Structures are given as C-alpha cells and as structure tokens.
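The numbers here are math on the coordinates, done by the rules we state, and not lab data. Please read all numbers here as calculations on a predicted model, not as lab measurements. Methodologically, a virtual Cβ is constructed for each residue, glycine included, from the backbone with ideal geometry; neighbour enumeration extends over all protein chains shown.
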Amino acid sequence: MRWILALPLLLSAAACDAKPAGNSATENATATAAAQPMTLKAADGVTIHGSLYKAAQPKALILLFHQAGSSKDEYATIAPRLVQAGYSALAIDQRAGDGLFGKNETAAALGHEADYLEARPDLQAALDWARQQKLPIILWGSSYSSSLIFPLAASDPEGIVALLSFSPGEYFDSDKQMIRRAAAKVNVPVFVASTNSKEETGEADPVMAALPKNPVDVRFVPEHGIHGSSTLIASRNPEGAEANWNAVLAFLNRVAPGK
C-alpha cells in the first residue's frame, strides 16, 4: 500500500505568475551553500544554464527543474537546504521559463520562452551530466516539469533512484494521457505533492494512481500548500513550508539515506 498523506488545505494554490516575496530570515540562514554557475549543452545545441550546489559527502544528486515562467532561482533557498541535508543539487534554466524568481538565462539567450515539451532536451542534458558524477540520481520537478520527469525516468531510468513531483498533471495538449502512461513504467519510489484544490488533485491523483505499486511511494496533500516547489519556500508559504519540508526530507531519507 502506498503511504498517502491527505490533510485539509488552508491556503489556495498560488498563481504561477505571482511575484515571490522576499526571503525570510529562516531562508537566509539556510542559503549558505554557494551556487556554482555551470552550463550544459542539449542535444539540439542549446546552451543550458545552471547552478550547482555541492554537499561535502553527497548521499545523492538531485536534479531540480522549475515551473512555467520560472528559472533555476526557484531553488535559491531550496537547494541550500538540500545541501544541509547531505544532497548535492543541480538547478537548471529550462528553455520553457522566464523571470518569476530571477532571470532565466537559457530562455533569454534564445530570445523567447519555448513550449513546455520543448524543454525535454534540457532535462535530458541534466540527466546525462548527472550520470557522469557517479551518484544516485533523484529527479525533482515543479508544475510542468514535475510531469516531464515521468517520461524521462520511464524512457531512460539508469541511475535514477527516486522522483519528487510537485503539482504534476497532463499539461500537454498534444497528448492528455502521456504522463499517466509514463508513470505506469516508473519503478522507483515517487513523491507526488499537490494542494487539495479540485483542479490540482484532479491532475495529480491520476498520475499517482498510474504508478506501479511501491510501498515507499508518497501522495502528499499538505495542510498548507501552494503550487509547485514553492510549497517549500517560507516567504511564499509561511504557514506550511516547514511541515512540508519534514515530509520531503523523510522521503529523501528513505530513498537515499547514504552510507
């Protein structure tokens, strides 16, 4: 049986184009891991900009993919906390993104924000690079990218030990069954989070239901939650971020506890 957490939601999902508030004191205290700028080359030649956060003795490498209209800076306070917990992390600027949390260098260089599906080579480039690091790999997505990690893991699973999917759904007009079909082929533990709004649960629940049975899977509906990975940012979700972090860290400790 999957581990399912379902609690009443007291905050509505944040709109994707809302401007983030300033960092809280807690977030400033955790943002101690220096981000190292880096670039990757996608298969179609597009340069992908990223920020690498290194743990001293990493338990795993987490690939952090952002939501629509966003950038790698969506993880400016999240990645340092992952480093504190013992995980290295790479956050990239996908070509389907913009300046919600900070400049998206990949999209800016292209001169436009691409469609969601056009970002798939960017995720693949991050995964290809991650395999060279010889660490267990965890895929982490936010909104549209939380959906794209399922076909990525299904088609190219080598080295991937877990997925964390924040507000997934069938967001792609060309194929409204694509994510569920891919989820059915994912055989590693998965953490699926969403708010309890009818819209979000209506998108996330079918993805969760499509997964093969894994006793470590988590369906997380927090008491206080907002859309995507922002549910972990205290300045955007002051009432719920810390409790939501507890659930995320508990899952990570089960799937990649280290030596």
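Two decimals is fine: what is log10 I(q)/I(0) at q = 0.11 Å⁻¹ for the chain, from a Debye sum with one equal scatterer on every Cα and no solvent? Once normalised to I(0) and log-transformed, intensities are -0.51.
Go through K134/K185; K72/K185; K54/K259 and tell me which ones have a Cα-Cα distance over 26 Å in this structure. As for pairs spanning more than 26 Å Cα to Cα, those are K72/K185. Mean residue ellipticity, 222 nm, helices only, the chain: the sum of -39500 (n - 2.57) across DSSP H runs of n ≥ 4, divided by residue count and rounded to 500, is -8500 deg cm²/dmol. Here the alpha carbons of region 117-238 define both size measures, Rg and Dmax, at 13.9, 41 Å. Using the Cβ-Cβ distance between K54 and R254 with R0 set to 22 Å, the FRET efficiency works out to roughly 0.45. Once both labels are positioned 7 Å from their Cα atoms along Cα-to-Cβ, the gap between R181 and N246 label points is 4.1 nm.
Taking a ≥ b ≥ c as the square roots of the eigenvalues of the Cα gyration tensor of region 56-164, is the shape rounded (a/c under 1.5), prolate (a/b larger than b/c) or oblate? Note, shape of region 56-164 comes out oblate.
Close amide H partners of F191, meaning residues 5 or more places away or on another chain with modelled amide H under 5 Å apart, are L163, L164, S165, V218. Placing +1 on the Cβ of every Lys and Arg and -1 on the Cβ of every Asp and Glu, with no other charges, gives the chain a dipole of roughly 960 debye about its Cα centre.
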